[in-house]
1. Using a Förster radius of 56 Å, what is the FRET efficiency between residue 275 and residue 353 based on their Cβ-Cβ separation? Nearest 0.05, please.
2. Rg(Cα) of the range 173-292 divided by 2.2 N^0.38 Å?
3. Taking square-rooted eigenvalues a ≥ b ≥ c of the alpha carbon gyration tensor, is the chain rounded, prolate or oblate, where a/c under 1.5 means rounded and, failing that, a/b exceeding b/c means prolate?
4. How many angstrom lie between the C-alpha centres of the range 223-291 and the range 64-90?
5. Taking the simple approach of a point 7 Å from Cα along Cα-to-Cβ for both residue 169 and residue 209, what is their distance in nm?
6. So which lysines pass the test for residue 139, namely a Cα distance under 30 Å, with those fewer than 8 places away in the same chain ruled out?
7. Normalising by the residue count of the range 205-352, find the relative contact order in percent from Cα pairs under 8 Å and 6+ residues apart.
8. Hey, what number do you get for the chain at 222 nm if only DSSP H runs of n ≥ 4 count, each worth -39500 (n - 2.57), divided across all residues, to the nearest 500?
Amino acid sequence: MAADYIDTYYRRSLVANQPYPVLARDVAVDVAVVGGGLAGLSTALECARRGLKVALLERHRIAWGASGRNGGFVTAGYATGLETIRRRVNAADADALYRLSMEGVEMVRDNISALDIKGVDPTPGILRVIRYDGGDGIKAYRDEMARRFGEEMRYLAREEVQALTASPVYHQGLYEESGFHFHPLNYALGLAAEIARLGGIVAEGTPVIGIESIGGKHIAQVPGARVTARHIVHCGGGYTDGLERRLRRAYLPIATYVLLTEKLGPLLKEAIRTEAAIADDRRAGDYYRVVDGDRILWGGRITTRVADPADLATLLRRQMVGTYPQLGEVKVDLAWSGLMSYARHLMPQIGRLDAGLWHATGFGGHGMNTTAIAGRVVAQAISGEGDRIRLYEPFGLDWAGGHIGRAAAQLTYWAYQAMDAWRERHNGR
Ligand SMILES: Cc1cc2nc3c(=O)[nH]c(=O)nc-3n(C[C@H](O)[C@H](O)[C@H](O)COP(=O)(O)OP(=O)(O)OC[C@H]3O[C@@H](n4cnc5c(N)ncnc54)[C@H](O)[C@@H]3O)c2cc1C
């Protein structure tokens, strides 16, 4: 059953909410894309821009999943750090992968301005803060990123961090000029409109329920219609079901949570005095930003439980007040969750399953830039324009471990939380 958007800040501030029709007739296209999140949208748009006829098939609404519910941070990088990437690939390929992630940020920025997408409200600046004294370490990191990638980050001493975020728990910070934050749902709908304008089919309420491959063609079966395509690209994210067994076994759906406060008025400035989005460096740490003038959109926590905890708002609120005790009386207007798709290696899974069958999944908690570049490298591979997709080959469809994998992921997260707490108590040691 197709579902409407869940209640989020983004849904409440949609610029346009005109549904796209269900696909109810047989069609033939060059590329059919399964899933209308940002991975599917970027893939379909990059293909359409190369003159390919596309059909984007979404079970519910465009960006109904993680892409329309997330924190809205757009920054370079992946869900895992360069050190981990270098364990699987050589240093040159690791750097090339990082540069692709930077290109992803630029793609999003370019789309917003070239397509003049309304209600996206891109706001520059990401402030990364740490909860222990790590001054020299983060200066070294800043210098390395500037030298290797030309990424400009400004070091902030504790007093400077305190001037922007009046939290007793923060020490130093890095201010990233190139990152920004935005309204991901309005952005996604802008991409969908452009795909339609370029002659692509955008279908909502259209689940792909089976795929058959005959004589070099692939057929995506949707209720009451068939989509014949030269290429099919799987982009189901954390909502990928049993449609393709090789994908289903290769990812873990991980839930993460966001809350929206009431309007805070002058109280806001007693806690946050920057327009930049803020994130701490804990594993699955806190990330938050100001929206709607004086509300805080606060994200954090992960769990392998797919159903929302009953006390979701209370859990997140405790986290926020632990960071800013001055917000102790603040009320929560709304809280929601979304599913991310994580591979064991924590990198996106972008590649080819068989001739004409592709996948772009596993973006984890770092999907705004990585889904953009995924769409581009898949479109380039399909149209024979280049093989940058090969850089993702070493991060394949390893088995994610099923139920045991879920339990292991939860245990790893708890272990990370304990390590973070230890590091903060012992000031970085
Ligand atoms: C709460 C939250 C906060 C986050 N914050 C950030 C952030 O600040 N910055 C950042 O970079 N990343 C963030 N992320 C991660 C980011 O949102 C995801 O990595 C990214 O949106 C994944 O995009 P996707 O297209 O792969 O998946 P999704 O957006 O989940 O889209 C998948 C779509 O596929 C559809 N689908 C699945 N199966 C079928 C089928 N058989 N037929 C048709 N349709 C199908 C689903 O209905 C869904 O709409 C966050 C994620 C969450 C949940």
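Laboratory data are not the source of any read-out in this text; all were calculated from the coordinates shown. Here the structure is a predicted model, which means the values were calculated and not measured. Cβ placement follows ideal geometry from the backbone for every residue including glycine, while neighbour counts extend to all protein chains displayed.
1. 0.85
2. Dividing the Cα radius of gyration by 2.2 N^0.38 Å gives 1.54.
3. prolate
4. What the calculation gives is 11 Å, centre to centre.
5. Between residue 169 and residue 209, the label points sit 4.7 nm apart.
6. Reachable lysines: 269.
7. That works out to 26 percent.
8. The helix contribution divided over the chain gives -10000 deg cm²/dmol.
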